[in-house]
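Chemist: I'd like to ask you about the structure that follows.
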Amino acid sequence: MRRLVPVLVVLMALAAAACSGNRDGDVEETPTPAATVESSTSMEPTSEPDDSAAESEAPAVSVGKQGGVFRRTWSDPPTLDPALVTDTTSAGLAVEIFSGLVAFNTDLELVPDIAERWDVSPDGLRYTFYLRPEAKFHDGKPITANDFKWSLDRAANPDTGSPVADTYLNDIIGVDAVLEGRATSISGVKVIDDHTLQIEIDLPKAYFLAKLTYPTAYVLDRENVESGGRSWTDSPNGSGPFKLKEYRVGERIVLERNENYYRTPANVDSILMNLAGGQAMAMYENDEIDIVGVGLLNLPRVLDPDGDLNKDLVVAPPDFTVSYIGFNSTMHPFKDSKFRQALNHAINKELIAEDVLSGLVVPAYGPLPPGFPGHNESLEGLRYDPELARRLLAESDYPTLSDEDKRIVITVPGTGGTIGLDLEVILQMWESELGVSVEIQQVEWATYLEDLQDAKFQAFAGLGWEADYPDPQDFLDILFHSESSTNHGLYSNSAVDAVLEEARTEPDVARRMELYREAEQMIVSDAAWVPLWYAGERYVLIKDHVNDYRVTPMIVPKLKQIYIE
């Protein structure tokens, strides 16, 4: 999913006790040395995994595999409307409450969801989905093809205000007309009968089905949305494995098992999410939560084989995530690529990773993370070279700009006044190596997302991008194509656009990966932004009564398979 991840908490936790994160509360704050992740890029349906595998303050004990409460930390989501989801905090809830035609399982395989199967026309342009006749909303109402048609039309309708409909639905014929207000119905989405839906796209694209796993394509109950008005998400009639039972802002979210779920129902009775914050490690040790990420301060005692916590330790693979500093390339002084290059070359990432962040992150020199399809181990990044940085700065427009145009403000999410250890050191390096001074402004997370989408920032940091689906298009095309609505720095390079557009429809997988590597190299050489860190392995504590919790490198529906002993 479009995963904008706030990473300020991640890096702060490397020097402090683990605290609740804004994404997956279990691991968000614990990046450590890198490891690769095997992922599936298959777009064919696979068999579904064997599912047999909350206000209470203590874990409930169940007989067999059904029952109990899974307790964790979380944060208040900016939205619960699938059409508006732009961040991991919201996405982690949306994938459990709602559902779509297809989904990724915890092995990152594309599997049938509400669509039990589908056909693709020989030219790759027409997809026919056959819905499960037993599929129901939470209240037991049958889900039909008309529900999907209405939901997709709503997501693209400008009145809905979806910031990502253009990004994730724009392959479908007729979406542009709805987005621009020239139509109210997507011409490329047709209802054949109650259980058959047909979608026509503009060009054959290997990643199209994967894009339908994003919440913008989820099905909604029209009556629920229209009768509820602006507050319909207070009582959403979803279709996923869990129902929203309770949401008290700043206190807790409770999800309960959906007994009408069309696939195997969840094992646990409910999910209790603590939103109040606090010291997550202390909460874990006091038996208030069942899962926690391990920060640097607690790592030695957690790794001690004789320690009480070691038995709960899980070493998880890295996220498919990259953190970065973004530039608005239409504003001074970031209009000049030589200035952007100078900033990149002035950062000693190896030093920061080892001495500041204790070797627990991997320096990033390109957008695609290790283990991700298309990742290029041979990528020529803009590495630390202070002499080259000073020469590029001198050759740029920066020395001749007015004081006003030289002024740089980097906006970060948060309200606590602390900007993160890595960013502090980077600003010091820019000042000492280049004489470039930077001001920091902090903005609350939900507002930050809105302003980011509107390209209001001159520069921005404190966040990362997590994969929505295992395909390089999800990073390179979505983040850097000049016409992408998610290109928050308004980066524009016609040569990059041409390569990305060719890659969209290239049928040969090897050639397609080659094109993405070519585009990535151009993006990096042009210093579109500063890639900072890839996540390393993550240390997680999980209570021994919790079984079948999978720590995945992307957000996917996974809570239904947990069971409590």
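Chemist: With a cap of 12 neighbouring Cβ atoms within 10 Å, and only residues DSSP puts in a loop, list the trypsin sites (Lys or Arg not before Pro) found in the range 156-206.
Modeler: R182
Chemist: Here is a follow-up. How do T144, T216, T505 rank when sorted from fewest to most other Cβ atoms within 10 Å of their own Cβ?
Modeler: Ascending number of Cβ neighbours within 10 Å: T505, T144, T216.
Chemist: A further question follows. Using the Karplus curve 6.51 cos²θ - 1.76 cosθ + 1.60 with θ = phi - 60°, work out ³J(HN,Hα) for each residue of the range 102-116 in order, rounded to whole Hz, and write x for Gly and Pro.
Modeler: Coupling constants for the range 102-116: 9, 8, 9, 8, 6, 9, 6, 9, 6, 10, x, 10, 5, 7, 7 Hz.
Chemist: Still on this model: Rounded if a/c is under 1.5, else prolate if a/b beats b/c, else oblate: with a ≥ b ≥ c from the C-alpha gyration tensor eigenvalues square-rooted, which is the chain?
Modeler: Oblate, because a/c is 1.5 or more while a/b does not exceed b/c.
Chemist: Just to confirm a number: summing +1 for Lys and Arg and -1 for Asp and Glu over residues other than L392 whose beta-carbon lies under 15 angstrom from that of L392, what do you get?
Modeler: Values: positive: K335, K338, R340, R383, R390, R391; negative: D336, D385, E387, E395, D397, E433, D526.
With Lys, Arg at +1 and Asp, Glu at -1, the net is -1.
Chemist: Please report, in debye to the nearest 20, how large the charge dipole of the range 323-441 is about its Cα centre when each Lys and Arg carries +1 at its beta carbon and each Asp and Glu carries -1 there.
Modeler: Numbers: 9 positive and 18 negative charges, 53 e Å.
It works out to roughly 260 debye.
Chemist: A follow-up question, please. Counting other C-beta atoms within 10 Å, and keeping those with at most 15, which DSSP coil GluC sites (Glu not before Pro) do you find in the range 228-314?
Modeler: E251, E259
Chemist: Among DSSP beta bridges whose residues both lie in the range 321-535, state the antiparallel percentage, nearest 5.
Modeler: Around 65 percent antiparallel, to the nearest 5.
Chemist: In debye, nearest 20: dipole of the range 131-211 around its Cα centre with unit charges on the Cβ of K, R (+) and D, E (-)?
Modeler: For this selection, approximately 160 debye.
Chemist: Could you rank the peptides 510-518, 548-556, 398-406 by their average count of other C-beta atoms within 10 Å per residue, with the highest value first? Mind showing how you got there, number by number?
Modeler: Values: 510-518: 17.9, 548-556: 20.8, 398-406: 12.0.
Peptide ranking by packing, descending: 548-556, 510-518, 398-406.
Chemist: Sticking with this structure for a sec: As a test of the formula, what do you get for the chain when each DSSP H run with n ≥ 4 contributes -39,500 (n - 2.57) and the sum is divided by the residue count, at 222 nm and rounded to the nearest 500 deg cm²/dmol? Numbers along the way, then the final one.
Modeler: Values: 17 runs with 142 residues, N = 565.
Helix contribution divided over all residues of the chain: -7000 deg cm²/dmol.
Chemist: Still on this structure: With +1 on each Lys and Arg Cβ and -1 on each Asp and Glu Cβ, how big is the dipole of the chain about its Cα centre, in debye rounded to the nearest 20?
Modeler: I would put it at about 460 debye.
Chemist: For a test of the definition: using alpha carbon positions, the gyration tensor, and the 1.5 limit on a/c, classify the range 321-535 as rounded, prolate or oblate.
Modeler: Verdict is rounded for the range 321-535.
Computed from the coordinates by the stated procedures, all read-outs in this text should not be read as laboratory data. Given the structure is predicted, the values throughout are model-derived calculations rather than measurements. Because the Cβ atoms are built from the backbone with ideal geometry, glycine has one as well, and the counts that use them run over all protein chains shown.
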